[in-house]
1. Check off (1) outside any strand (DSSP E or B); (2) touching a residue at least 40 places away in the same chain (Cβ under 8 Å) for Val416 and give me the number that stays unchecked.
2. Output the number of residues of region 204-220 satisfying the condition of being of a type outside the set (Phe, Trp, Tyr) and touching a Phe, Trp or Tyr at 6+ places or on another chain (Cβ under 7 Å).
3. Could you tell me whether region 343-359 includes any residue that is under 25 Å from Leu423 (Cβ atoms) and part of a helix (DSSP H, G or I)?
4. Return the total of residues in region 386-408 being buried (at least 17 other Cβ atoms within 10 Å of the Cβ), at pLDDT 95 or above and under 20 Å from the mean Cα position of the chain (by Cα).
5. Within region 419-440, which residues are buried (at least 19 other Cβ atoms within 10 Å of the Cβ) and either charged (D, E, K, R) or without any contact (Cβ under 8 Å) to a residue 24 or more places away in the chain (or both)?
6. Select, from Gln245, Gln230, Gln297, the only residue that is modelled with pLDDT under 95, among the polar types (S, T, N, Q) and within 28 Å of Phe93 (Cα to Cα).
7. Having 2 or more residues that are within 23 Å of His42 (Cβ to Cβ) and within 16 Å of the ligand (Cβ to nearest atom) is the bar; report the strands (runs of 3 or more DSSP E) wholly within region 181-272 that clear it.
8. Thr437 passes all but one of (1) in contact with a Lys or Arg (Cβ under 8 Å, 6 or more places away or on another chain); (2) not in a loop (DSSP other than H, G, I, E, B); which number fails?
Amino acid sequence: MKIRLLATSDVHGVLSPYQYSDRKLAEQGLARLSGHIRRLRHENTLLIDNGDVLEGCPLNFYHAAYEKDTRHPMADALNYLKYDYYNLGNHDFNYGYDMQHRYMRDVQAKCLTGNICEHGQVVGADYTIHEFDRNHRIALIGVTTQHIPVWEHAEHIEHNTFENAFDFVKRTVQTIKETEQVNGIAVVYHGGFEKDLVSGKETEAQTGENLGYKMCAEIEGFDVMITGHQHRSLATTCCGKAVTQSAFNGKELAVVDWDLETGEITTGLLKANQEVDEDLMALFAKKEARTQQWLDQPLGVVKGGDLLIDDLFEARVHKHPLVSFLNQVQLSVSNAQLSANALFNDAKGFRHEITMRDLVSTYVYPNTLVVLKMTGSILRRYIEKCAEYFDIKNSELCVAHRFVWPKPQHYNYDMVEGVDYVLDIRKPEGQRIVSLTYQGKEVQDEDEFTMVVSNYRAGGGGDFSMVKECEVVKTIQNDMVSCMAEYLSAHPELEVNHKENIKIIYK
Ligand SMILES: [Mn+2]
């Protein structure tokens, strides 16, 4: 028997192929994958979503802010497309239990997630046996990165426990081998690869966030691994296992063709280039229209100009006034002395008139804020971590490779407001701060500051492990987009307190 697995991952709520930033048609969204799904589905096909669906686009944001007691559009979409199984991703915890539970109740597909428990009960299943006929059965193991507590609000996961993904898969494969008669085992992992799939060389800090390579290398007995979380495009093998990962925002569909008799497996990826499925669009058209209206609400104007970004690299090298604005908002709501912010991957900035569309396309995550008590010595390590973002190639300043590949991570380069500093990129990592002053005085190791950062960073996200040594002074539960919207309603004529406080030397 030949079976087929079709998988999406990291859809982040993107149903529509029209980009929210400029409303242009793009190769994205479940409405443009739908054609592939219909065409490729045969009687022995399983359609699987690998998580991160509830957060990440304005439709989701609008739903969470104003209509969270209604059915989630992603639940409707998964039901319409007749998904068989789904996994939970780390972002599916971002809006708390009510939304997650409602989604899980409304979606008809079966939850596979096995290494996360709530009140001691597994949220999905330890494993799932799918029987195609009496002689053809496969086992599905759903597993999610156990790193979620690093990023998530404590109250969103207070009833959860997370087992290490590798340990869970190893143990579960063993159980299946001992107790079940199956033709094969597929792992559905909301996580990615910590090492190069071919050479086995480390491609990131080995934190346990991604363990796909270790699983493929060290666990005998599974055949296929559908991965995600890193937003990469992969259809290949790793240590003899067939693996896939499909790009985010519904840009790709992963296809696994599997002959259960011969064990032969082929993998592929298809782009979201099909005709727009208007029936699917109609399912959420009303909510989408309200989202679009909300996005175009004018909130204020930039006094005397705009805050548009035309060169993202330059905007990071010479801290753009838009970053000063983000820090200004954080300082204003927190009363901290210092503030740190990154400029996210594709930030476009604000025209003269600022709308909600500008805010959500500039600050794309539902981050909230945390005020940390930080010593001068930790602040130094923090800024040294930021300085790792840069490198020099042919005497020119550039972005260090690991912030570009395998996943662009420009959101992990923070610019700190409230201190003045000079970074010399010619020096080795960890020794690049040439000077660091607060109100004109060199920062001493024992100095103490309050610094406001996102909850993502406060949890150590981006390998900022030093923040874990800081005491949390307070948390601010409003997300940054709401903070910016409130700031603009209080200051409809926006004046940015811009200061060129960061200097970067490279020649
Ligand atoms: Mn994701």
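1. Failed condition: (1).
2. Here is the first cut: in region 204-220, the ones of a type outside the set (Phe, Trp, Tyr) are 204-212, 214-220.
Within this subset, residues satisfying the condition of being touching a Phe, Trp or Tyr at 6+ places or on another chain (Cβ under 7 Å) are 210-212, 214-215.
The number of residues fulfilling the criteria is 5.
3. Of the residues in region 343-359, the ones under 25 Å from Leu423 (Cβ atoms) are 343-347, 349.
From what's left, part of a helix (DSSP H, G or I): none.
No, because not a single residue in region 343-359 is under 25 Å from Leu423 (Cβ atoms) and part of a helix (DSSP H, G or I).
4. 3
5. Arg432
6. Working: Gln245 fails: modelled with pLDDT under 95; Gln297 fails: within 28 Å of Phe93 (Cα to Cα).
Result of the check over Gln245, Gln230, Gln297: Gln230.
7. Working: elements: 184-190, 224-227, 234-238, 241-245, 252-259, 265-271.
Answer list for region 181-272: 252-259.
8. (1)
The values are calculated or read from the model by the stated rules, or taken from the named source; none is laboratory data. As the structure is a prediction and not an experimental result, all values here were calculated from the model. We place every Cβ from the backbone using ideal geometry, glycine too, and count neighbours over all the protein chains shown.
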